[in-house]
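The values are calculated or read from the model by the stated rules, or taken from the named source; none is laboratory data. Remember, it's a predicted structure, so these values are computed and weren't measured experimentally. In this analysis, Cβ positions are derived from the backbone assuming ideal geometry, glycine residues included, and neighbour counts consider all displayed protein chains.
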Amino acid sequence: MSLQKIKEIEDEMARTQKNKATNAHLGMLKAKIARLKRELLEPAGKGGGGGGDGFDVNKVGDARIGFVGFPSVGKSTLLTKLTGTFSETASYEFTTLTCVPGIVRYRGARLQMLDLPGIIEGAKDGKGRGRQVISTARTCNLILIVLDCLKPLTHKRLIERELEGFGIRLNKKPPNITFKKKDKGGISFTSTVKNPQLDLDAIKAVCAEYRVFNADVFMTEDYDVDDLVDVIEGNRSYVPAIYVVNKIDQITLEELEVMDRLPHYCPVCAYLDWNMEGLIEMVWDYLAMVRVYTKPKGKLPDFNDPVVMHRERCTVEDFCNKLHKALIKQFKYALVWGSSAKHRPQRVGKDHVLQDEDIVQIIKKI
């Protein structure tokens with residue numbers, strides 16, 4: 001029933017001319033679709049945005065990378081070449097029927113890679129094993145969308161639509177929108193942007209769909225209705241993605257040069273081992289990882305086993321918590337060698353931001 005309602009609303013939106021006068025109506029329809037999709041994807045009796053169970057694979061290592069794509073695009077061969085893990089490969093569709101994990105060791109980090117079963121159009125609505133595949137993709141730090149070089153743009157659009165329908169936002173940052181409910185006073189809207197796409201009527205229409213009649217909305221950038229809906233829903237996953245165009249041995253050099261200029265694209269041929277090193281370097285860049293080395297007092301740094309953290313969460317306090325949760329309670333100060341230090345060593349507090357390949361010695365309270 002929900003699928004039918006969604007189709008009817010989408011048809012109504014397609015018939016509605018987009019202009020300032022219809023902004024509020026279109027906003028209400030988009031909010032209604034988002035709510036219906038959430039109800040459709042949440043299992044009965046559960047709340048808050050699981051969207052169905054994923055495959056039961058323990059998260060290990062420093063980052064998780066999922067391979068998503070249609071059947072027979074070479075995901076299994078790619079996993080085998082990168083990790084040495086055998087994932088059954090064949091020239092017919094649906095060879096991989098479950099999730100196959102493998103580990104890549106790169107620059108001292110352990111990267112978990114998941115070969116997910118091929119998805120089909122309509123996966124977000126429950127076709128095939130789509131919900132399991134996309135639920136697992138939501139847990140990943142990076143998604144590799146593996147495309148067949150003969151129809152990359154068609155497959156790209158279809159897969160993006162499936163992932164978007166499941167609340168995954170690729171290569172996007174969360175909207176900088178402050179949405180705060182209050183007890184009274186109606187809906188107030190403040191924007192620092194001249195002539196924003198959204199107006200107060202559109203925001204009121206979206207809020208009404210969520211039974212919210214009193215709230216403050218503040219924006220510092222120009223956003224549309226979809227961004228506002230994402231903030232109100234609150235269960236979106238913002239994940240970096242690389243479009244891995246496989247089997248490039250089947251296309252011309254001219255086609256390859258065009259493809260190589262597109263953002264987020266990485267051309268490879270897994271079967272012939274072409275550009276595997278280029279892909280893993282791109283993976284490392286997109287993961288934005290930072291390696292920090294420990295230095296016990298009176299000893300040399302341990303360069304064989306770095307502490308690997310995300311660039312956005314890389315203070316000395318984060319470093320301590322990664323080593324042991326109780327360490328920060330004993331923390332007095334730290335000595336830092338490396339690019340984040342003004343002099344070597346530099347004495348720093350717990351808020352000091354570390355950079356790649358810094359060396360840290362923790363001094364505890366006596």
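Just to be sure before I move on: is ARG157 within 20 Å of PRO240 (Cα to Cα) and modelled with pLDDT under 90 in the structure I sent? Show your work before the answer.
Working: within 20 Å of PRO240 (Cα to Cα): yes; modelled with pLDDT under 90: no.
When the stated conditions are applied, ARG157 does not pass them.
Scoring VAL225 on the criteria (1) surrounded by 14 or more Cβ atoms within 10 Å (Cβ to Cβ); (2) over 27 Å from the mean Cα position of the chain (by Cα) leaves a single failure, condition (2). Reported count of residues in region 338-366, each being assigned to a strand (DSSP E or B) and within 22 Å of ALA288 (Cβ to Cβ), is 5. When CYS149 is tested against the conditions (1) assigned by TED's automatic domain parsing to the domain that holds PHE67; (2) of a type outside the set (S, T, N, Q); (3) without any contact (Cβ under 8 Å) to a residue 40 or more places away in the chain, the lone failure is (3).
Of all residues in region 180-213, those satisfying the criterion of being polar (S, T, N, Q) and loosely packed, with under 14 Cβ neighbours inside 10 Å are THR190, THR192, ASN195. Restricting attention to region 233-250, does a residue exist that is crowded, with 16+ Cβ neighbours inside 10 Å, under 23 Å from the mean Cα position of the chain (by Cα), among the hydroxyl-bearing types (Ser, Thr, Tyr) and at pLDDT below 95? The answer is yes; a qualifying residue exists. Of VAL73, VAL68, all but one fail to be at pLDDT 90 or above, in the same structural domain as GLY102 (by TED's automatic domain parsing) and either more than 16 Å from GLY165 (Cβ to Cβ) or basic (Lys, Arg) (or both); the exception is VAL73.
Inside region 136-163, can you point out the residues that are over 11 Å from the mean Cα position of the chain (by Cα) and not hydrophobic (A, V, I, L, M, F, W, C)?
In the first step, residues of region 136-163 are kept if they are over 11 Å from the mean Cα position of the chain (by Cα); the result is 136, 145-162.
Across region 136-163, the qualifying residues are THR136, ASP148, LYS151, PRO152, THR154, HIS155, LYS156, ARG157, GLU160, ARG161, GLU162.
Scanning region 301-333 for residues that are part of a strand (DSSP E or B) and farther than 29 Å from TYR286 by Cβ turns up PHE331, LYS332, TYR333. Across region 355-366, the qualifying residues are those that are under 19 Å from LEU300 (Cα atoms) and either touching a Lys or Arg at 6+ places or on another chain (Cβ under 7 Å) or aliphatic (A, V, I, L, M) (or both), and the one among them that is surrounded by the fewest Cβ atoms within 10 Å (Cβ to Cβ) is LYS364.
Please state which one of GLU209, GLU162 is in contact with a helix residue (DSSP H, G or I) (Cβ under 6 Å, 6 or more places away or on another chain), among the acidic types (Asp, Glu) and touching a residue at least 60 places away in the same chain (Cβ under 8 Å).
Details: GLU162 fails: touching a residue at least 60 places away in the same chain (Cβ under 8 Å).
Being in contact with a helix residue (DSSP H, G or I) (Cβ under 6 Å, 6 or more places away or on another chain), among the acidic types (Asp, Glu) and touching a residue at least 60 places away in the same chain (Cβ under 8 Å) holds for just one of GLU209, GLU162, which is GLU209.
Filter region 262-273 for residues that are free of Cβ contacts under 8 Å to residues at least 40 places away in the same chain, surrounded by fewer than 16 Cβ atoms within 10 Å (Cβ to Cβ) and farther than 17 Å from TYR286 by Cα and give the result. Answer for region 262-273, where residues must be free of Cβ contacts under 8 Å to residues at least 40 places away in the same chain, surrounded by fewer than 16 Cβ atoms within 10 Å (Cβ to Cβ) and farther than 17 Å from TYR286 by Cα: just LEU272. In region 102-141, the qualifying residues are those that are buried (at least 17 other Cβ atoms within 10 Å of the Cβ) and acidic (Asp, Glu), and the one that is modelled with the highest pLDDT is ASP115. Of the residues VAL283, VAL290, the single one that is in a strand (DSSP E or B) and crowded, with 18+ Cβ neighbours inside 10 Å is VAL290.
Among the residues of region 294-310, at least one is loosely packed, with under 13 Cβ neighbours inside 10 Å, in contact (Cβ under 8 Å) with a residue 12 or more places away in the chain, under 30 Å from PHE67 (Cβ atoms) and of a type outside the set (D, E, K, R).
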